[in-house]
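**Q** A single structure is presented below for examination.
The values are calculated or read from the model by the stated rules, or taken from the named source; none is laboratory data. Predicted, not measured: the structure shown is a model, and the values here were computed from it. Cβ sites come from the backbone with ideal geometry, for glycine too, and all protein chains shown count toward neighbours.
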Amino acid sequence: MNKKRIAVLVVVLVAFCSAASAGEVYGKIRDGTSPVGDAASVEATCGSKKYPEVKTDKSGSYRLVLAETGKCTMTVKYKQQSGSLDIASYDDAVQIDIALELKDGKLSVRRK
């Protein structure tokens, strides 16, 4: 194998390892006792970096990949309302199941 191929292989491996070390946040969102289905979306902000909104699937599951670790804010949008909660992102994946509730006409978001 020549030096050029080895250099390319090293670059690809380093890029793969950096992507693999990013923190993943996943879970299910429920409205009361029922999954929200594909009617909700989730986004996160970690420091000054804002991650794009992702839709839940038909079972109410979501998955975000965050490059930063530490304190983040997750915002859930559901039925033309939104609510937020503070979360922590780690190098390893973390499961955060969420319960939604309407209180006084406002969407309440909490960990389940």
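**Q** Can you name every residue in segment 78-112 that is of a type in the set (G, A, S) and within 12 Å of the chain's Cα centre (by Cα)? Step through it out loud before you land on a result.
**A** As a first pass, look at segment 78-112 and keep what is of a type in the set (G, A, S): 82-84, 88-89, 93, 99, 105, 108.
Correct list: A88, S89, A93.
**Q** Six or more apart or on different chains, Cβ atoms under 8 Å: show the pairs whose first residue is in segment 31-45 and under 14 Å from L107 (Cβ atoms) and whose second is surrounded by fewer than 19 Cβ atoms within 10 Å (Cβ to Cβ) and of a type in the set (S, T, N, Q).
**A** Qualifying pairs under 8 Å: V42/T75.
**Q** Select from segment 67-86 the residues that are of a type in the set (G, A, S) and part of a strand (DSSP E or B) and write down the one among them that is surrounded by the most Cβ atoms within 10 Å (Cβ to Cβ). Talk me through it step by step, then tell me what you get.
**A** First, pick out the residues of segment 67-86 that are of a type in the set (G, A, S): 67, 70, 82-84.
With part of a strand (DSSP E or B) added as a condition, the list becomes 70, 82-84.
Details: G70: 12, S82: 15, G83: 19, S84: 14.
Here the residue is G83.
**Q** While we're looking at this one, here's another question. So how many residues does segment 44-61 have that are within 16 Å of K79 (Cα to Cα) and either touching a His at 6+ places or on another chain (Cβ under 8 Å) or of a type outside the set (V, I, T) (or both)? Write out each step before concluding.
**A** Of segment 44-61, the ones within 16 Å of K79 (Cα to Cα) are 53-58, 60.
Pick out the ones that are also either touching a His at 6+ places or on another chain (Cβ under 8 Å) or of a type outside the set (V, I, T) (or both) and you get 53, 55, 57-58, 60.
Residues in segment 44-61 being within 16 Å of K79 (Cα to Cα) and either touching a His at 6+ places or on another chain (Cβ under 8 Å) or of a type outside the set (V, I, T) (or both): 5 in total.
**Q** Tally time: how many residues in segment 87-112 are assigned to a strand (DSSP E or B), over 20 Å from T33 (Cα atoms) and either touching an Asp or Glu at 6+ places or on another chain (Cβ under 9 Å) or of a type in the set (S, T, N, Q) (or both)?
**A** Here is the first cut: in segment 87-112, the residues assigned to a strand (DSSP E or B) are 87-89, 94-95, 98-103, 106-111.
Subsequent filtering for residues that are over 20 Å from T33 (Cα atoms) retains 87-89, 94.
Then drop every residue that is not either touching an Asp or Glu at 6+ places or on another chain (Cβ under 9 Å) or of a type in the set (S, T, N, Q) (or both), which leaves 89, 94.
Qualifying residue count, segment 87-112: 2.
**Q** I would also like to ask the following. Within segment 87-109, is there a residue that is surrounded by 16 or more Cβ atoms within 10 Å (Cβ to Cβ), of a type in the set (G, A, S) and under 17 Å from G23 (Cβ atoms)?
**A** Residues of segment 87-109 that are surrounded by 16 or more Cβ atoms within 10 Å (Cβ to Cβ), as a first pass: 87, 89, 96, 98, 100, 107, 109.
Within this subset, residues satisfying the condition of being of a type in the set (G, A, S) are 89.
After this cut, where a residue has to be under 17 Å from G23 (Cβ atoms) as well, the list is 89.
Checked against the condition, which is being surrounded by 16 or more Cβ atoms within 10 Å (Cβ to Cβ), of a type in the set (G, A, S) and under 17 Å from G23 (Cβ atoms), segment 87-109 yields at least one hit.
**Q** Can you give me the number of residues within segment 12-60 that are at pLDDT below 95, touching a Ser or Thr at 6+ places or on another chain (Cβ under 6 Å) and not in a strand (DSSP E or B)?
**A** 0
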